[in-house]
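Comments concern the structure below.
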């Protein structure tokens, strides 16, 4: 059975929601799991409903506009956190190891391919999750000048335990998963965590296809999709 990992995006001490990665337009999250957008309250609600891990993106860290790491460290004592903190290099990876049990190495913010190798050569794979960030069917990155296929070759060489395929263009839309993107990575489907715009039907389809994990935000918090 496919595992659904709840998503929380944090900004200025609140859980927030929005569409297509347009972070400036994100609003406080309305969720069935808590009466407010307080991320600790929401995390407690998710734990009570069976969450065994959470994906948290600290949008302030990613955008270099502050941080929410104290709340994240508290949440990690309640439910293990997979953290996207906008990691750029091995130095920042090491710093955030104290705040979450797994850390995202995102194509969006990583400084270079050399830094990815540096992280994988230094730290246990069990603590690392690569995020292949995709926008308009192209690799999304501030620093890497690679195509999706070229980055896939890097992944084949590094051989991570877990790889998030994040279709940023679909975030919050509930329009389903990206067929083309999934096809490009199908040979490593057992490592994949599919993310971005998922709804109940698309999760059922991914389950039938043999995908083991998905990240789910909007459809989960609205109650359309159950956690278990």
(message) Suppose each label sits 7 Å from its Cα in the direction of the beta carbon; what would the residue 138-residue 70 distance come out to in nanometres?
(response) 4.1
(request) May I ask you to derive the relative contact order of the range 144-222, considering only C-alpha pairs under 8 Å and at least 6 residues apart, and to give it as an integer percent? (result) 30
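Can you tell me the FRET efficiency between residue 91 and residue 47 if r is taken as the Cβ-Cβ distance and R0 is 30 Å, rounded to the nearest 0.05?
Working: r = 32 Å, r/R0 = 1.05.
Given R0 = 30 Å and the Cβ-Cβ separation, E is 0.40.
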(request) For n ≥ 4 DSSP H runs only, could you compute -39500 (n - 2.57) per run for the chain, divide by its residues and tell me the 222 nm figure to the nearest 500? (result) -8500 deg cm²/dmol
(request) Mind ranking 103-116, 52-65 by how tightly packed they are, going by the mean number of other C-beta atoms within 10 angstrom, highest first? (result) 103-116, 52-65
(request) Please build a GNM for the chain, connecting alpha carbons under 10 Å apart, and tell me which residue among 42, 32, 75 fluctuates the most. (result) 32
(request) Hey, for a label at residue 146 modelled as a point 7 Å past Cα toward Cβ, could you say which residues of the range 84-121 have their backbone N under 17 Å away? (result) 87-90, 104-121
(request) Calculate how many DSSP beta bridges within the range 3-221 are antiparallel, expressed in % of all such bridges and rounded to the nearest 5. (result) 20
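Based only on other Cβ atoms within 10 Å, what is the fewest-to-most ordering of 74, 1?
Details: 74 14, 1 6.
With the fewest neighbours first, 74, 1 line up as 1, 74.
Can you tell me, using C-alpha contacts under 8 Å and at least 6 residues apart, the relative contact order of the chain as a whole percent? Walk me through the numbers before you get to the answer.
Numbers: 473 pairs, mean separation 48.5, N = 228.
RCO, the chain: 21 percent.
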(message) Using a 7 Å offset from the Cα along the Cα-to-Cβ direction at both residue 12 and residue 175, what is the distance between the two label points in nm, to one decimal?
(response) 2.9
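So if we plug the beta-carbon distance of residue 63 and residue 1 into 1/(1 + (r/R0)^6) with R0 = 30 Å, what FRET efficiency do we get, rounded to 0.05? Intermediate values should be presented prior to the final figure.
Values: r = 36 Å, r/R0 = 1.19.
Here the calculated transfer efficiency is 0.25.
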(message) Between the range 47-119 and the range 160-181, what is the separation of their alpha carbon centroids in Å?
(response) 19
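No lab work stands behind these numbers, since they all come straight from the coordinates. Just so we're clear, the structure is a prediction, and the values are computed from it rather than from any experiment. For neighbour counting, all protein chains shown are included, and Cβ atoms are generated from backbone atoms with ideal geometry for every residue, glycine included.
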